[in-house]
Amino acid sequence: MKCLCRTKPRRLESGTFTLTEVCIGAVIVLIVFGSIYAGLTMSFNATQAARENLRATQVMLERLEGLRLYNWEQLVVSNWMPSTFTAYYFPLTNRGESPGVLYFGIITISNVPFPNPPPSYANDMRLVTVTLYWTNRIGTNRIVRMRQMQTLVGRMGIQNYVYYN
């Protein structure tokens, strides 16, 4: 018996693509690689900002912890405590190496803002504020960053224990 049904003639499958398919594929590849590049760039910038923030915290803590060893007269009356300072991201570099980001700090010593009426020990306490500024470079942009840390220092604080015991 003979089959009377017609079959479509087979097309040769040569693996060719149309120009539209090639363009769509190229656009998809560009989007994927562009996204990967943007993601890597953002992650490197975020990592750098986190490192700079961590170094800023270390610089402020170093200043505040050193400040605790000053006695009351050195802290309040005299000018032993510098009001400004600078620090670098890489403080111990060899000659010719870049020290990295420059941190500029300001130390202010003021009376503690107690509510009215102030307690009897108000004259025996000071509020110490360390403010740090640095410039963060993200691409071609320069962004000024700022962090601040505060502590209270008392007349009969740890410095008396360290020096007299």
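Brief remarks follow.
- If you take all other residues with their beta carbon under 12 Å from the beta carbon of Phe104, and give Lys and Arg +1 and Asp and Glu -1, the sum is +2.
- For the Cα trace of the range 19-164, dividing Rg by the Kirkwood Rh returns an Rg/Rh value of 1.25.
- Rounded tilt (10° steps) of 19-67 against the dominant C-alpha axis of the chain: 10 degrees
- Shape call, the range 80-165: gyration tensor on alpha carbons, a/c limit 1.5: oblate
All of the numbers you see were taken from the coordinates with simple rules; none came from a lab. All of these numbers come straight from a predicted model, not from anything done at the bench. Reconstructed Cβ throughout: ideal geometry from the backbone, glycine too, with neighbour counts over all protein chains shown.
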